[in-house]
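The values are calculated or read from the model by the stated rules, or taken from the named source; none is laboratory data. Owing to the predicted nature of the structure, the values given are computational and were not obtained by experimental measurement. Please note: Cβ atoms are built from the backbone with ideal geometry, for glycine as well, and neighbour counts cover all protein chains shown. Remember, those area values only see protein heavy atoms, side chains included, never the ligands or the DNA or RNA. Shrake-Rupley method; radii C 1.70, N 1.55, O 1.52, S 1.80 Å.
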Amino acid sequence: NGFLSSLISFGGGDAYLTVADGMFVEKGMVSEEDFYGRLVILVNVLPGSILCKTLTGVGYYFGFVAGGMSAAIATAFAGFVCSLIGSCFTMSIARYFLDTFDRMRAFCALKEWTKAIISGLLGTVILSLLYQCVDVAHSYGGSGVLIIIELAAIYGLNIFLAKKYDLGTWVNVIISIGAALLLGNFII
């Protein structure tokens, strides 16, 4: 479960990005431009845990600077494996406590509070992604309003496809990527 969660989870890692900034950017290991201008944008868009994506990206960066493409792939893989082990270990401990104390009233209340917190974090990630899209559109001389309309259209397409055809998540993701590439190149 921890392995699958690390691969398909999405968003909610803003706190980890702050920690990663302190570990890598403030200590001069990764430039601020590369971290926020390249890595964070990819981390926010790709599926998977923030920890796994960030450590994979930082590993790639270290390897590429140290020894080119083959070193970049090796250190990216090492970063991914380390983050996956950390995620699975944490998931195992959390799962143990959830299974052990599942029926306690305090735990039931905690579950309800957690839903609200996670919803707020996902809302933050959505707004951050919208801001990034508008910022990218402006950097290419495009219109931020048109990008928001494009995103709303793709979201509407996803809702329509989910209700009408039930194609599955991965098919919807692929269709969304294709629509974003086509519409994004047309708009910008």
Leading residue by the ranking (modelled with the highest pLDDT) among those in the range 20-44 that are open to solvent by 80 Å² or more (accessible area, probe 1.4 Å) and touching a helix residue (DSSP H, G or I) at 6+ places or on another chain (Cβ under 7 Å): Glu32
Residue under question is Phe107, and the condition is that it be farther than 21 Å from Pro47 by Cβ, modelled with pLDDT under 80 and either surrounded by 12 or more Cβ atoms within 10 Å (Cβ to Cβ) or aromatic (Phe, Trp, Tyr) (or both); does it hold? yes
Filter the range 50-80 down to residues that are β-branched (Val, Ile, Thr) and either under 14 Å from Ala20 (Cβ atoms) or within 17 Å of the chain's Cα centre (by Cα) (or both) and give me whichever is surrounded by the fewest Cβ atoms within 10 Å (Cβ to Cβ). Val58
Residue check: is Thr124 out of contact with any Asp or Glu (no Cβ under 9 Å at 6 or more places or on another chain) and assigned to a helix (DSSP H, G or I)? no
Members of the range 137-162 that are more than 21 Å from the chain's Cα centre (by Cα), within 19 Å of Ile41 (Cβ to Cβ) and assigned to a helix (DSSP H, G or I): His138, Ser139, Gly144
Segments classed as helices (runs of 4 or more DSSP H), wholly inside the range 14-118, with at least 1 members that are in contact (Cβ under 8 Å) with a residue 40 or more places away in the chain, of a type outside the set (D, E, K, R) and more than 30 Å from Ser176 (Cα to Cα): 69-100
Of all residues in the range 119-145, count the ones that are more than 25 Å from Leu183 (Cα to Cα) and either loosely packed, with under 12 Cβ neighbours inside 10 Å or in contact with a His (Cβ under 6 Å, 6 or more places away or on another chain) (or both). 2
